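Below you'll find the structure, written out as structure tokens, and then a few comments.
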Amino acid sequence: MNNVIRQDTFALSVNSFNESGFYQIRKSEREYFNNYLKQVFIVEADEPNSTDSSASPFIGVIINKLLYDSIDDGDIVTIDKFGQLRVILTRRANHNTILVTERCNNLCLFCSQPPREEKDDWLLSYGALALAAFQFDGEIGISGGEPLLYGNTFTKFLEFVSQHTPKTRLHVLTNGRALSDLEFTERVASKARSMFITFGIPLYSVKASVHDYLVGKNGAFSETVRGIINAGNSGISVEVRFIPTQKNIAELPLVVEYTSRVFSNIVQLSIMNLEATGWAKRNWKDLQCEPEDYQDVLKKAVRTAVIVGLQPRLFNFPLCHLPECVREYAVKSISDWKNYYPSECTNCQLQDICGGYFSSSRGSYHQQPRRII
Ligand code: SF4
């Protein structure tokens, strides 16, 4: 994708090491320090002995100046069967997230990562190894699909992460339905107690019919609500998430009130602008609504959330689309590999603190900036 802030995919040449798998990238032999993942050495240019990995801890060598300049020693990458390398964990990113399954038991109308059906619990194993190899002392997102779908394999994943990379904080994005099983929630909570971990759980309405419609699954609302109640009561930190659409925007203040009255241990209420990717594209005309058209609802929801101590945050909104009085709650949230600022943003005095746009918002999905000068 052109002019995103950080490039994350690279085509490897046929002469390069390009076996598919998960790897840790090394720029220096001296920094070699763990065995969680196979190590690949990267150099800027072909040097004497640089392509000979037979007598070293490295499984292969990649010669690629652009990639070399784009990553740090110890970053984690995947290589697919087409020789495409993707950087999945890097200290250069503004946010790191790993995908631990592509399966899901919801079918959200705006799903950014439309689910697949194949069993892929091996992704949780590789995710755990990638986190342990990366040894990050900040937060990393865990996403899917639905990360809790594999039940006890997920709790083992938590246990491994807490033991092997105890300084890593996790933010797990889940639909929360699995947490409606109180015994499972207590098993998750028992692992969570020894880690820094938050569960982000979307609640799109206070009406079961609306939430179930948006997530494409009858009965989902009931399980998600019970899941959030169980999680909070078990001591798990929960962030409640809401995506405004034409179908639910009027209910935003009600969701705020419901969240404050029904749930416990809520650490944040996040309102997230729709991303034009995945299934959101095909449903865009029926779902997307302009922040300027729901200013009053947004102001009321944020004001209430502040009063009841829900820590409101606004994600993925260009600042100039928000009423001035709520801009202080906006977060620069878009991951740098899919974040851009259109030319109209040049010289905008808010650019330093504004999160800009998703690169997927170009073309017919784009809402023009209202540059502030
Ligand atoms: S013009 Fe661009 S930089 Fe300025 S507030 Fe709008 S989106 Fe942000």
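The values are calculated or read from the model by the stated rules, or taken from the named source; none is laboratory data. Bear in mind that the values here come from a model prediction, so they are computed numbers and not experimental data. Every residue, glycine as well, gets a Cβ built from its backbone with ideal geometry; the counts of neighbours run over all protein chains shown.
Summary of computed values
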item	result
Count of residues meeting criterion [at pLDDT 70 or above and either more than 30 Å from the chain's Cα centre (by Cα) or small (G, A, S) (or both)] in the range 1-42	9
Subset of the range 311-356 (residues that are in a helix (DSSP H, G or I) and within 13 Å of the ligand (Cβ to nearest atom))	L319, C320, H321, E324, R327, S343, E344, C345, Q351, D352, I353
Any hit, the range 263-286, residues being out of contact with any Ser or Thr (no Cβ under 8 Å at 6 or more places or on another chain) and within 16 Å of the ligand (Cβ to nearest atom)	yes
Residue that is farthest from the chain's Cα centre (by Cα) [pool: residues in the range 357-373 that are of a type in the set (A, V, I, L, M, F, W, C) and part of a loop (DSSP other than H, G, I, E, B)]	I373
Hey, S360 more than 9 Å from the ligand (Cβ to nearest atom) and without any contact (Cβ under 8 Å) to a residue 24 or more places away in the chain or not	no
Tabulated pairs, the range 304-320, first of a type outside the set (S, T, N, Q), second away from the ligand (no atom under 11 Å from the Cβ) and assigned to a loop (DSSP other than H, G, I, E, B), C-beta under 7 angstrom, 6+ apart or interchain	F315/N273; F315/S333; F317/N273
Where T224 falls short, out of the listed (1) farther than 22 Å from G138 by Cβ; (2) more than 20 Å from the chain's Cα centre (by Cα); (3) assigned to a helix (DSSP H, G or I); (4) not small (G, A, S)	(2)
